[in-house]
Amino acid sequence: MKVLLIGSGGREHALAWKIAQSPHLRGLLCVPGNAGTGVYGKNVPFPLTDIGALVDLAEREGIDLLVVGPDNPLADGIVDRFLAAGIPAFGPTAAAARIESSKAFAKEIMAAAGVPTAASHVFTNPADAEAFVFASGRSWVVKADGLALGKGVIVPETIGETIDAIHHLAATPAGSHLLLEERLFGREVSVMALCDGQRLLPLPSARDYKRFGEGDTGPNTGGMGVMAPVDDVPPALLDQIVQQCLQPVVNELAAREIPFRGVLYGGLILTDAGPKVLEFNARFGDPEAQAILPLLEGDFLEVLYDCAVGGLNPEKLRRRRGYAVCVVLCAEGYPGKPRKGDQISGVEAIDDDQVIIFHAGTTLGGRGLCTNGGRVLGVTGVGTTLARARKRAYEYAERIKFDGKYYRTDIGAE
Ligand code: AMP
Ligand code: GLY
C-alpha cells in the first residue's frame, strides 16, 4: 500500500512510525512532514491549502490511502476531494468533521443522540449573550464556535469575567457564534476511538496537560505532555464512555448520512453525575497520539485502511500492557512566538527501545538538526508501570539539549 500522510507535527511522526511497521507499506509520502517523518518516507513540501494539487500528487504517485493528521484540512474538505477522486481516506468528510469544527453542531448532535454534556446556549451576537448572562445572574464558560487552535474557550469565575470573555472571543475569527456553557467540575480524560462509520475500536484513555506551567498553571498550549492509559478510567468506565458518549454520536451521524470515518476524540470530564463530553475532535490528538500509538500492537495501517473503506474489525489491534508518558520539549518563546534555529543534540544517542523521540518543530539542514517550531520534540517513555514510563521519558528529556529548551516536569505525576 502507498500512503499519503498529511501534517508536520509530533502526531504525524508517530503515525508515520506506526504505519511504517506494517508489512503492507510499499511507500510513504508526507506533506509537508518533518525531520522525523523523513526517516520513514519522502517529505513533500506542499501547501496544505491547495487540495486540488494534493489530489493530483496522489494520482501521479498511485496513492492507495490518504491519512490526515490535523483538523484544518479536514474542515476544508480534503477527504471529500480524495473520495471524489476514488482514493480511500482515513479521516472524516468536512460534514462529519463539523463535530470538531463547529461546537454548536457538536452540541446539536449530542442533544439528538442523548449524549451527556454541559447545558449550553448559542448566540450570534455578543449583546444577546451579555443580556443572557445578566439575566441568569451567574458566570458561564464562553466558547467561540469555530476552530481556534485551543484558544477558543474561556472559563471565567465571575459575571464580570464572563462579560469580558464574551467580548474577547466575539472579536476573534472563530467568534461569530458564541456558546455559553454550564461549568462542570471533575477530572478530565480523553478517549479516542477508530471508526469506520459504524463500528468503533476504542484506544487507551489518555490525559493531556494543556497548560504551559507546572501544576496546570499559565497559558493554554496545544499540549505539553500526555500519559496513557489513565487509571481513573478502568475498563468498565471506558466501556461506558464508548457506549454512552461515542457510539451514539457515530450512530446519529450515520443516520444523517454523514458517516464518521477516522478518529473520534472525546474530551470528557468525570463529574459526580458520571462522564460528560466537553468537546469532540475529529482526529488524533497531538501529543496524545505520541503516547497512545506506542501502546498498540497489530497492523495499524491495515486497520486505518479498514476504517477508510468501512470494514473495521475491532479485534485487529491489541493494547499492550503498561503505560506511556510523552513529555513535550518546547522552544524559547512558546506558546507565544517561538525562537527557531537552535541546534539540537542528543537525539541520536537513544539506546533504550522503550523510548521513542518524536519530531515536531524540527528541521534537518546544513547545521544538523535544529529547532523549527514551538513544540520541538515529544519524548515518549513506555513501561510496565507509570513510574517506569515516566522515568524513561524524563531521562531522555534531560539528555536532549538545545538552547531555550523547556518542559513540564509533572507529566504523569498522578
Ligand atoms: P474544549 O476546547 O471545549 O475542550 O475546552 C478546553 C478546556 O476548557 C477543557 O479542557 C476544560 O478544561 C475547559 N472547559 C471547557 N468546557 C468546560 C465546561 N463546560 N466546564 C468546565 N471546564 C470546561
Ligand atoms: N492535545 C490536544 C489536541 O490535540 O486537541
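The values are calculated or read from the model by the stated rules, or taken from the named source; none is laboratory data. These figures come from a predicted structure and were not determined experimentally. In this analysis, Cβ positions are derived from the backbone assuming ideal geometry, glycine residues included, and neighbour counts consider all displayed protein chains. For accessibility, only protein heavy atoms count, side chains too; no ligands or nucleic acids. Shrake-Rupley method; radii C 1.70, N 1.55, O 1.52, S 1.80 Å.
Observations
- Exclusive hit being closer than 20 Å to A20 by Cα and either modelled with pLDDT of 95 or more or buried (at least 23 other Cβ atoms within 10 Å of the Cβ) (or both), set E398, E332, E348, E302: E302
- When region 125-150 is limited to residues that are away from ligand 2 (no atom under 16 Å from the Cβ) and under 25 Å from the mean Cα position of the chain (by Cα), the one that is surrounded by the fewest Cβ atoms within 10 Å (Cβ to Cβ) turns out to be V141.
- Just one of the listed residues (V189, V153, V122) is within 16 Å of ligand 2 (Cβ to nearest atom), at pLDDT below 95 and among the β-branched types (V, I, T), namely V153.
- Counted residues, region 248-282 - those being crowded, with 24+ Cβ neighbours inside 10 Å and of a type in the set (K, R): 1
- When L147 is tested against (1) more than 13 Å from ligand 1 (Cβ to nearest atom); (2) in contact (Cβ under 8 Å) with a residue 24 or more places away in the chain, only condition (1) is not met.
- Residues within region 210-223 that are more than 9 Å from ligand 2 (Cβ to nearest atom) and closer than 16 Å to L377 by Cα, tallied: 1
- First in region 63-88 and touching a residue at least 12 places away in the same chain (Cβ under 8 Å) and closer than 23 Å to L293 by Cβ, second anywhere and of a type in the set (F, W, Y) and within 16 Å of ligand 2 (Cβ to nearest atom), Cβ under 8 Å, 6 or more apart: G69/F284
- Among the numbered conditions (1) of a type outside the set (D, E, K, R); (2) surrounded by fewer than 19 Cβ atoms within 10 Å (Cβ to Cβ); (3) in contact with a Pro (Cβ under 7 Å, 6 or more places away or on another chain), the only one that G365 does not meet is (3).
- All of (1) part of a loop (DSSP other than H, G, I, E, B); (2) acidic (D, E); (3) within 15 Å of ligand 1 (Cβ to nearest atom) hold for D231 with one exception: (3).
- Test: residue in region 38-53 that is touching a residue at least 12 places away in the same chain (Cβ under 8 Å), crowded, with 19+ Cβ neighbours inside 10 Å and assigned to a helix (DSSP H, G or I): no
- The strands (runs of 3 or more DSSP E) located wholly in region 151-225 that include 3 or more residues which are open to solvent by 20 Å² or more (accessible area, probe 1.4 Å) occupy 217-220.
- Remark: pairs (first residue in region 266-282, of a type in the set (S, T, N, Q); second residue within 11 Å of ligand 2 (Cβ to nearest atom); Cβ separation under 6 Å; 6+ apart in sequence or on different chains) = N281/E100; N281/Y265.
- Criterion violated by D286 - all others in (1) away from ligand 2 (no atom under 16 Å from the Cβ); (2) acidic (D, E); (3) open to solvent by less than 40 Å² (accessible area, probe 1.4 Å) satisfied: (1)
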